[in-house]
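To start, the structure under review is shown below, and the notes come after it.
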Amino acid sequence: METVTSINELKEKLNAVNSIKKLAFVPTMGALHAGHIELIRKAKLNGAYTVCSIFVNPTQFNDPNDYRLYPRNFIQDEVLLTNNFCDLLFIPVVSEIYPTNFNPPSYNLGSLEYHLEGQYRPGHFQGVCQVVDRLISIIEPDELYLGKKDYQQCLVIEKMLKDQLHKKQVELVKINTVRQNDGLALSSRNLRLSNNGLIMANKLFENLQLAAISFKEGSPWHEIESFHKKRILNFGFDKIDYFACYGIDNFEPIFEKTSTPCIILTAVYLEGIRLIDNLELF
Ligand code: PAF
């Protein structure tokens, strides 16, 4: 694997790639774990030349402390990517992605911007779109790989790809969440949890699973929601932003059992660290 830091170098390398091969892009903010590696693995299995970016994007952090403390393990990340056959790593500095003449577009994300993550992290999705749009314009991939742990982010990017004109049509490939044996969804932010916190954090997935069973059995959502919010807080989590059930097709809240596919999504704080997870119900 080769590593480049400038757009010029990156373009040079991409120009030399066999144009018959599909070009896959895996955007990341680093502190890579098996969830990211699964994205690389799937892209490689699809036969694509695979570019991974590591860029801790300042415009998507609504909390400056979260940005400052976001884990950065560039050397380890490079080794992990090399060992997993990634073809090219792009690690730009901020001025490469956002030069002084950069004029951030505004994205029409509809109600996605006001629900759940949009509501609790104002401006976050605009920042995500800015960076992904910019990286896509630079790399011009055929496929973009994202993990379903950030489910709403997948929907936001899907909308951005539909609305924004890129040179090539980009296919979004959504990959299932990778979990520890105890159910905890892998996340770079888990690195900031203490050993005790790590043990507690798996209770989140347990609550999603139990809520899914109750919902399938016909309990109304408001009862399930208040029961699990209390249960999660009783385990010692600091705070809950949301524990909600949404329709997969329209991403609107669902309150009663339905035959349409839905998803339970949650965001909580543990040891001051924000964790999100979700569980799809079919
Ligand atoms: O999911 C992430 O890690 C980030 O939001 C992304 C897609 C790499 C954009 O910075």
The stretch 207-260 and the stretch 109-169 have their Cα centres apart by a whole-number Å value of 25 Å
Could you work out how far the C-alpha centroid of the stretch 1-73 sits from that of the stretch 175-206, in angstrom? 23 Å
When the Karplus curve 6.51 cos²θ - 1.76 cosθ + 1.60 is applied with θ = phi - 60°, which whole-Hz ³J(HN,Hα) does each residue of the stretch 121-133 get, with x for Gly and Pro? 10, x, x, 4, 6, 4, x, 4, 5, 3, 6, 5, 4
What helix-only [θ] at 222 nm does the chain give? Using -39500 (n - 2.57) per DSSP H run of at least 4, over all residues, to the nearest 500, the answer is -11500 deg cm²/dmol
Return P(r) of the chain (all Cα-Cα pairs; 10 Å bins starting at 0; whole %; ordered from short to long distances). 6, 27, 35, 22, 8, 1
Positive-pole candidate from Ser226, Ile276, Leu165, dipole of the stretch 154-282, charges at beta carbon: Leu165
Rule-of-thumb Rg ratio for the stretch 175-280 [Cα; 2.2 N^0.38 Å; N residues]: 1.05
Per the charge dipole of the stretch 115-221 (beta-carbon charges, Lys/Arg positive, Asp/Glu negative, Cα centre), the residue among Ala201, Ile138, His115 reaching farthest to the positive end is Ala201
Using unit Cβ charges (K, R positive; D, E negative) and no other charged atoms, how large, in debye to the nearest 20, is the dipole of the stretch 1-61 about its Cα centre? 260 debye
Relative contact order for the stretch 138-258, counting Cα pairs under 8 Å that sit 6 or more residues apart, in percent: 18 percent
Cβ-based net charge around Ile240, under 11 Å, with every Lys or Arg adding one and every Asp or Glu removing one: +2
Lys pairs under 17 Å by Cα in the stretch 1-153, provided they are eight or more residues apart or on distinct chains: 10
When the chain is treated as a Gaussian network with springs between alpha carbons less than 10 Å apart, the largest mean-square fluctuation among Gln126, Gln209, Gln180 is found at Gln180
If the only charges are +1 at each Lys and Arg Cβ and -1 at each Asp and Glu Cβ, what is the size of the charge dipole of the stretch 137-235 around the Cα centre, to the nearest 20 debye? 280 debye
Computed about the Cα centre, the charge dipole of the chain from +1 Lys/Arg and -1 Asp/Glu charges at the Cβ has a magnitude in debye, to the nearest 20, of 260 debye
Of the listed peptides 142-155, 217-230, what is their order by residue-averaged count of other C-beta atoms within 10 Å, with the highest listed first? 142-155, 217-230
Identify, among Asn190, Pro64, Ala212, the residue whose Cα sits farthest towards the positive end of the charge dipole of the chain, taking +1 on the Cβ of Lys and Arg and -1 on the Cβ of Asp and Glu, with the dipole about the Cα centre. Asn190
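Just so you know, all these numbers are worked out from the coordinates, no wet-lab data involved. These numbers come from a predicted model, not from an experiment. Don't worry about glycine lacking a Cβ; one is built from the backbone with ideal geometry, like all the others, and counts go over all protein chains shown.
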